[in-house]
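First comes the structure, then the notes that go with it.
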Amino acid sequence: MMKVSKEQKHSKNSMNLVASSKSGPSSPPPLPTSTPPARIEMAPLTLEALYSEHFSFVYRLVARLGGPTIDPEDGTQEVFLVVARKLDTFDGTCQVSTWLYGITLNVVRGLRRYIRLRRLWELHIDPPESAQTVIQSIDRAEVMEAHRIAYGILDQLAPKKREAFILAEFEGLSCEEIAKICNTKPETVWSRLHYARKEFAERLAARKGKRS
C-alpha cells in the first residue's frame, strides 16, 4: 500500500479548500426569523407632570435671574403659562431642563423690560410706606444686604453678561450648557463670563473702597 506523505496531505487539503471557495456555498444562509425589537416611544409630556417635577427648579432660576425686582412666584407662573402654550413644540432633542432654562430666560428678560418701562411711568409717584416694621435678625439682615449689593451690581451689567454670570456662578452650568440655552457659541459665553466676572469684581472693589 502506497503511503501518503504529510506534504501531499497538506497539498490535497489546500486544493479542497480552494475548490470549495470557488464553488461557493451550496445554498445561501437562512434569513433571520426573529423580528427587530419594537421602538420604545417616550410618553408625551404633560403640563401637570412638568409643574410637579420642575416647579422648584424654575422658581429658583426665576429668583436668581430676576433678583429682587421680580416676584419669583409670579415669574414662575408666567413661565408655566408659556410652557403650556409651547408644550407640543418640545421634540426631545434636548433635556427638559435645558428647554425650561431657555423659556425661563426669555420670560425673565420680558419681565425685566416691563418693570423698567413701568418705572419710567411711576417716577412721579412716591412709593407707599410700609405699614409694619419688619424685625430681622442681624444674620438675616446681613444676608439681605449682601443680596441687595450683589444684584445692585448685576443690574449694572449688560443683560447677556449678567445672564452668563448668574447661570455660571449661581446655577453652576458650564459654558457649553449656557451656550445651548442662549443659542450661541461656547466661546461667546466664555467671553461674556470673563468680562462679567471682571466687571463684577471691579464694581464690588469700588463699592468697598467708597465705604472704607
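The values are calculated or read from the model by the stated rules, or taken from the named source; none is laboratory data. The structure displayed is predicted, hence computed values, not measured ones. Cβ atoms come from the backbone with ideal geometry, glycine included; neighbour counts cover every protein chain shown.
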#### Entry: Single residue of the stretch 155-179 satisfying the filter (modelled with pLDDT under 85 and not acidic (Asp, Glu)) that is farthest from the chain's Cα centre (by Cα)
PHE170
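Looking for something of a type in the set (Ser, Thr, Tyr) and either part of a loop (DSSP other than H, G, I, E, B) or loosely packed, with under 12 Cβ neighbours inside 10 Å (or both) - is there at least one such residue anywhere in the stretch 81-90? Outline the logic, then answer.
First, the residues of the stretch 81-90 that are of a type in the set (Ser, Thr, Tyr): 89.
Next, from what is left, pick out any that are either part of a loop (DSSP other than H, G, I, E, B) or loosely packed, with under 12 Cβ neighbours inside 10 Å (or both): 89.
Yes, because at least one residue in the stretch 81-90 is of a type in the set (Ser, Thr, Tyr) and either part of a loop (DSSP other than H, G, I, E, B) or loosely packed, with under 12 Cβ neighbours inside 10 Å (or both).
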#### Entry: the stretch 154-167, residues that are out of contact with any Cys (no Cβ under 9 Å at 6 or more places or on another chain), crowded, with 19+ Cβ neighbours inside 10 Å and assigned to a helix (DSSP H, G or I)
LEU154, LYS161, ARG162, PHE165, ILE166
## Note on the structure
The correct count of residues that are in contact (Cβ under 8 Å) with a residue 24 or more places away in the chain, outside any loop (DSSP other than H, G, I, E, B) and of a type in the set (A, V, I, L, M, F, W, C) in the stretch 168-209 is 8
### Query
Taking the stretch 82-118 on its own, how many of its residues are among the β-branched types (Val, Ile, Thr) and in contact (Cβ under 8 Å) with a residue 60 or more places away in the chain?
1
### Task
Name, by its number, the condition in (1) at pLDDT 85 or above; (2) surrounded by fewer than 16 Cβ atoms within 10 Å (Cβ to Cβ); (3) assigned to a helix (DSSP H, G or I) that does not hold for ILE103.
(2)
### Query
If you take the residues in the stretch 64-80 that are under 19 Å from ILE178 (Cβ atoms) and at pLDDT below 90, which one is surrounded by the most Cβ atoms within 10 Å (Cβ to Cβ)?
LEU65
